[in-house]
Amino acid sequence: MKLPQSVRNLTSVIGASIALISLLIILFLFSISALFDIGSSYLGIFIYIALPMVLVLGLILIPVGIIKEKNRLKKYPDEVHVKDWPVIDFNQPTVRNASIIFVAGTICFLILSAIGSYEAFHLTESDEFCGKLCHQVMEPEYTAYQESAHERVGCVECHVGSGAGWYVKSKMSGLYQVYSVLFDKYPRPIETPIHSLRPARETCEECHWTEKFYARKINTKKSYLADENTTEWDIHLMMKTSATYSAQGLQEGIHWHINPDIKIEYRAVDEGRDSIPWVRYTNLKTGEVKVYRDEAVAMPDSDIETVELRTMDCIDCHNRPSHNYLSPANFIDDYITSGEISRELPDIKVVAMDALSTEYPTVDSAMNGIDAYAKEYYEIMYPEVLKEQKELYDRALEAIKTGYRKNIFPVMKVNWTVYPNHLGHLETTGCYRCHNDRHETAKGEIISRDCNLCHDILAQGTADQLAFGTSASPLEFEHPIDINEKWRTTFCSDCHFSLY
Ligand code: HEC
Ligand code: HEC
Ligand code: HEC
Ligand code: HEC
Ligand code: HEC
Ligand code: HEC
């Protein structure tokens, strides 16, 4: 087939070959993944992103070569006479052929790249892509996500908005992320809070809306003490999520903060929003305004004005809706409750907590360290366990190690202390960041820490000696072990954050 002379140059031929070869590979991989249904995101990244980039590079080389060749031919007019502008004369077979190839090629390419971009779009929006491709970087978030109530909610539903603007924004930051992963420039742990996170209005409220009434909820917790018999300690809390009766809506209770008629703003001194010296309450209906100051956080007024003013939304309490890392005390308690870790093994919680209190550099060293610690402990203290209860022992250790792998990620330096959960106050300051009796208005009103403000204790005690109360007369809190009533004056998290 005859083509214009300028096409016959090395650069264009190389470009055409590159384009053709990558197109063939794309078609080949595509048919494999379609026929055998083995399309993983790794293959996808080749089919839809890497190879098309090579293909486009090849295509670009073709005109580059042509232009270079034309210039060369112009310099040596003896070889052939070239006009300044090409004459498109369809009577010439070379021009006709070239045009047909060009038009047909462009149409094919446009169709293919439309399909390709569509697939690339899907691919980069998939949970697999977000959670698995940068395996090591996203492993903690992805693992915790799979344990959460939102496992079926795509990463992009919370992290990327709909619409082209968000798409471009997220892919731009995505490019930077790919760069930082390739060149090992990303922070460990990954920074949080995420300032570019979509506002809760656009994420959470798509599925849970503020006006919705959530009935009060009973939260039954089983904890176990670190003693020989792993004594069970139960507590049943009636969480006052909303008002007593649905007809009263969000007038009182925990979700009162998100009542559309109310706005709560605050300023935090630190990045993690843990230390909050200034809170402002505005009633949008009556116009009432109250400003609370915590004098214990030393910061002059002029400096407070300079830090970010944040309007409270879902994320200020539910900051770990899908990536919640449990503390060892919590996940070990869960495994004891489920029976995976048997209370028949003496001292089992003590051993688990001690083994988990060491900081290990890698998961492998943690697995070995936990095994070694437990074996040595039982060899010295209860050698009969390793002989007579070997099966229970093996199962318990498997659970302890699984718990570690699901909640502690040494390489990314992630654990429950790094991303504290603000929902509660036992292990982190959580609600007590504001509800600590210290935030005061000029009139002396405080944000209360009264134990019955947020929940009523309906039952508490050891499993065989449970004391009962009612919502009308809730029980007074009793700490499972004697700590001289210190819980009245200090925060629970002062001890529980670092218990283990
Ligand atoms: C239900 C909503 C939701 C879903 C679904 C979700 N995330 Fe998140 N993600 C959040 C919130 C909220 C934060 C913390 C934001 C903050 O504190 O500013 C977060 C934080 C993160 C962080 C920052 C580090 C950290 O732990 O704080 C990463 C990385 C992340 N998410 C990745 C993912 C990946 C990957 C997926 C899907 C496998 C996913 N997220 C799914 C809501 C979600
Ligand atoms: C695409 C829909 C969707 C989005 C977006 C979403 N959720 Fe959910 N959420 C659900 C579903 C479904 C459940 C499970 C309900 C159940 O298990 O009863 C749930 C459960 C919950 C629960 C109760 C279960 C638990 O973990 O204790 C909370 C709290 C919650 N969501 C908060 C949030 C917050 C905060 C956000 C925003 C960051 C959010 N959700 C975004 C659908 C969504
Ligand atoms: C940013 C500060 C802040 C945080 C964090 C915070 N609150 Fe509040 N909360 C307030 C303010 C301000 C009030 C109003 C105090 C008043 O005027 O009595 C309030 C009032 C309440 C009330 C009483 C509402 C009523 O009138 O019935 C409950 C219940 C409550 N909060 C629960 C919680 C819980 C649970 C958490 C943690 C998950 C929490 N709060 C975290 C600022 C905060
Ligand atoms: C002041 C803190 C606070 C804010 C703000 C807040 N929540 Fe909650 N929410 C709670 C607490 C505390 C619970 C009870 C948790 C428990 O006991 O498991 C709860 C429970 C829930 C539940 C579970 C209800 C059930 O019956 O299982 C959902 C869903 C939920 N919140 C969604 C939201 C959404 C969506 C927003 C934002 C529009 C929001 N919350 C704002 C503190 C808060
Ligand atoms: C501002 C609201 C608020 C106040 C005030 C408050 N709590 Fe809580 N409390 C919570 C929330 C929220 C949780 C977490 C529920 C969950 O884990 O879903 C919680 C959990 C608990 C638990 C269960 C802990 C666990 O995980 O086993 C106990 C016990 C408890 N509170 C006791 C108290 C005592 C005692 C006081 C008074 C000194 C108090 N609370 C004051 C909101 C509050
Ligand atoms: C002075 C330190 C201290 C303070 C303050 C404190 N605790 Fe504890 N708490 C302990 C110790 C020590 C244990 C025993 C741990 C064990 O045996 O596993 C314990 C055990 C518990 C347990 C049962 C086991 C577990 O780890 O879950 C609960 C529930 C508990 N505390 C709740 C609270 C609550 C709620 C508050 C705040 C109102 C609080 N504690 C304040 C030191 C403290």
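Worth pointing out:
- Computed from backbone phi, the HN-Hα couplings of segment 270-286 come to 10, 4, x, 6, 8, 10, 10, x, 9, 9, 10, 9, 10, 8, 5, 7, 9 Hz, rounded to whole numbers (Karplus: 6.51 cos²θ - 1.76 cosθ + 1.60, θ = phi - 60°; Gly and Pro given as x).
- Relative contact order computed over segment 328-407 (Cα-Cα under 8 Å; 6+ residues apart), in percent: 42
- FRET efficiency, E228 to C451 (Cβ-Cβ, R0 41 Å, nearest 0.05): 0.85
- Inter-label distance, L386 to K290: 6.1 nm, where each label sits 7 Å from its Cα along the C-beta direction.
- Peptides 203-212, 391-400, 225-234 ordered by average Cβ neighbours within 10 Å, highest first: 391-400, 225-234, 203-212
- Segment 232-251-segment 320-345 distance, computed between alpha-carbon centres (Å): 25
- For Y214, Y224, Y382, order by how many other beta-carbon atoms lie within 10 Å, fewest first: Y214, Y382, Y224
- Here the sum of -39500 (n - 2.57) over DSSP H runs of 4 or more residues, divided by the residues of the chain, equals -13500 deg cm²/dmol at 222 nm, to the nearest 500.
- Fully extending the segment from I111 to M239 would add 40.4 nm, taking 0.36 nm per residue of separation and subtracting the current Cα-Cα distance.
- Helices in the chain that qualify as membrane-span-like (whole DSSP H runs, Cα extent of at least 20 Å along the helix axis, mean Kyte-Doolittle hydropathy of -1.0 or higher) are 10-36, 51-75, 93-125, 164-182, 363-381.
- For segment 250-352, the Kirkwood hydrodynamic radius comes to 17.2 Å, computed from all pairs of different C-alpha atoms.
- When the trypsin sites (Lys or Arg not before Pro) in segment 234-343 are filtered for DSSP coil states and for at most 13 other beta-carbon atoms within 10 Å of their beta-carbon, the remaining sites are K285.
- Hull volume in cubic angstrom per residue (convex hull over the Cα atoms of the chain): 252
- Here the peptides 48-56, 490-498 are ranked by packing, the mean other Cβ count within 10 Å, and the order with the highest first is 48-56, 490-498.
Just so you know, all these numbers are worked out from the coordinates, no wet-lab data involved. What you are looking at is a predicted structure, and each value in this text was computed from that prediction instead of being measured. When we count neighbours, we look across all protein chains shown, and the Cβ atoms used for this are built from the backbone with ideal geometry, even at glycine.
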